[in-house]
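Reading through the C-alpha cells given below for one structure.
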Amino acid sequence: MPTHSRRQSLAKQLSFPRSSLETIPFSYASVSVGTPNDPLEKKLQAISSAGFTAIELGFPDLLSFAKTYLKKEVKDDDYASLCKAGEGVKALCQKYKLAIMMLQPFSNFEGWPKGSKEREDAFTRAKGWIKIMQAVGTDMLQVLPPPSLSPPFPVTNTARSDPQTPPPYHPPKTSSPPTSPN
C-alpha cells in the first residue's frame with residue numbers, strides 16, 4: 001500500500017525535493033484489476049481500499065462501463081455516449097475519493113503519411129479522446145508508440161481483436177537455462 005513514508009524514501013533515493021513528489025497521486029490502472037467485463041465500480045472500490053488516490057482509466061473499462069451505464073451497445077467511436085459514460089465514471093471515482101489521473105492507452109497515432117485515411121482517422125480519434133478526457137476530468141493521455149517503434153524484442157500474436165490493447169510482451173529466449181545459485 002502506498003504511504004507517505006515511501007514517498008519520502010523515494011525522494012531521498014532520487015535526490016528530488018520531497019515536496020515535488022507530494023503532488024503526484026498514487027494511481028493504479030483500472031485495466032489491471034479483473035477484466036473489462038468486471039463491474040468498474042468494484043474495481044474502483046478495490047483500488048480505493050488499497051490506498052491509491054487515483055486511477056489510470058483504461059479505455060476497455062470505459063467502453064464496458066458505457067454499455068452498462070447507458071444500457072445500449074456503444075461503439076469505440078461513439079464519443080458523445082463515451083463522454084456521457086465518462087461523466088458517470090467521474091462521479092463513481094468521486095464516491096471512492098479517486099482522481100482520474102489519465103486516460104489510456106491511445107495507440108496507432110503516429111507515423112501516418114499526410115493525407116492518408118489512417119492519419120485522418122488518428123486525428124478524429126484524438127479529438128474524440130480529448131472530449132472524453134474533458135468529461136472525466138483529466139488532462140493526461142497515455143500515447144503508445146506505433147508497432148514499428150516498439151522495443152526490439154520478439155513479439156508474437158500481434159493480430160489483435162482490440163487495437164487499443166498493446167501486444168503482449170514475450171522476452172527474448174536465451175540460449176542456456178538460468179543457473180541455480182546452489
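The values are calculated or read from the model by the stated rules, or taken from the named source; none is laboratory data. Since this is a predicted model, take the numbers as computed values, not measurements. When we count neighbours, we look across all protein chains shown, and the Cβ atoms used for this are built from the backbone with ideal geometry, even at glycine.
Listing for the model above:
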item: The range 123-137 residues that are closer than 25 Å to GLN94 by Cα, paired with ones that are surrounded by 14 or more Cβ atoms within 10 Å (Cβ to Cβ) and β-branched (Val, Ile, Thr) (beta carbon under 8 Å, 6 or more apart); result: VAL136/VAL89; VAL136/ILE100; GLY137/ILE100
item: Selection within the range 57-73 - of a type in the set (D, E, K, R) and either buried (at least 19 other Cβ atoms within 10 Å of the Cβ) or at negative phi (or both); result: ASP61, LYS67, LYS72, GLU73
item: So TYR79, is it more than 17 Å from LEU141 (Cα to Cα), crowded, with 19+ Cβ neighbours inside 10 Å and of a type in the set (Phe, Trp, Tyr); result: no
item: Only listed residue being closer than 25 Å to TYR28 by Cα and out of contact with any strand residue (DSSP E or B) (no Cβ under 8 Å at 6 or more places or on another chain), chosen from LYS90, LYS84, LYS71, LYS117; result: LYS84
item: Residue within the range 99-109 that is modelled with pLDDT under 95, over 24 Å from PHE26 (Cα atoms) and in contact with an Asp or Glu (Cβ under 9 Å, 6 or more places away or on another chain) present; result: yes
item: From the options GLU110, GLU118, residue that is surrounded by fewer than 16 Cβ atoms within 10 Å (Cβ to Cβ) and in a helix (DSSP H, G or I); result: GLU118
item: Search result, residues across the range 93-107 that are farther than 26 Å from THR124 by Cα and crowded, with 21+ Cβ neighbours inside 10 Å; result: CYS93, LEU98
item: Residue within the range 129-140 that is surrounded by fewer than 14 Cβ atoms within 10 Å (Cβ to Cβ) and in a loop (DSSP other than H, G, I, E, B) present; result: yes
